[in-house]
Amino acid sequence: MPDKARDWASLPRKAKAFRIAHATAAIVNLTSLGNIWLCAATRRRNRLLGLSVGLLLSEGGALLIGRGNCPLGAFQRSLGDPVPLFELVLPPRAAKAAIPLLAGVTLAAFATLAARPALPSAPTGSPRSQWRPAP
């Protein structure tokens, strides 16, 4: 028999909507983290880098306010969903460790980005600036 707290069918409509929004935000945050690592590894800066950094800094601020827990946890419980997002996909102990682990990976990404400055842009007219994918 499935756990009632994890059972989608037993959740109120508002809790379902919040779970979807929260999962979407988590995917956006992980994508932002991947973008920062990509920019650091390739020493290139893309248009989304500033947004990615700002988003993860604001997420970090929210986690500081929540003392390491999602500050929306009380709101989520008030909607009738007592299960933290990470506990939907990880065992409770691993879910609790996910926040500090991701914080460390994010700080390492910021440090790597700062330590690896962007490569100079290709001058206009150089072969690298004129390359286009084949049709």
Discussion item. Test of the criteria: in region 1-105, which trypsin sites (Lys or Arg not before Pro) are in a DSSP loop and have at most 14 other Cβ atoms within 10 angstrom of their Cβ?
Written reply: 4, 6, 43, 44, 47, 67
Practice prompt. Report the extension gain between residue 115 and residue 75 in nm, rounded to one decimal, defined as 0.36 nm multiplied by the number of residues separating them, less their alpha carbon distance.
Written response: 10.5 nm
Discussion item. Which one, 53, 30, 76, is farthest towards the positive end of the dipole of the chain when Lys and Arg carry +1 and Asp and Glu -1 on their Cβ?
Written reply: 53
Discussion item. With angles folded into 0 to 90 degrees, how steeply does helix 13-42 sit against the dominant principal axis of the chain? Use alpha carbons for both and round to 10.
Written reply: 30 degrees
Discussion item. Per DSSP helix of 4 or more residues, -39500 (n - 2.57); summed, then divided by the residues of the chain. What does that give at 222 nm, rounded to the nearest 500?
Written reply: -20000 deg cm²/dmol
Discussion item. I want to check the label-to-label distance for residue 47 and residue 26. Put each point 7 Å from Cα in the C-beta direction and report it in nm to one decimal.
Written reply: 3.0 nm
Worksheet item: If you place +1 on the Cβ of every Lys and Arg, -1 on the Cβ of every Asp and Glu, and leave all else neutral, what size is the dipole of the chain about its Cα centre, to the nearest 20 Debye?
Response: 300 debye
Item to complete: Give the span of the chain's Cα atoms along each principal axis, as three whole-Å numbers ordered largest to smallest.
Response: 64, 38, 23
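No value in this document is a laboratory result; all are computed from the given coordinates. Just so you know, these numbers come straight off a predicted model, no measurement behind them. Glycine gets a Cβ as well: all are built from the backbone with ideal geometry, and neighbour counts include every protein chain shown.
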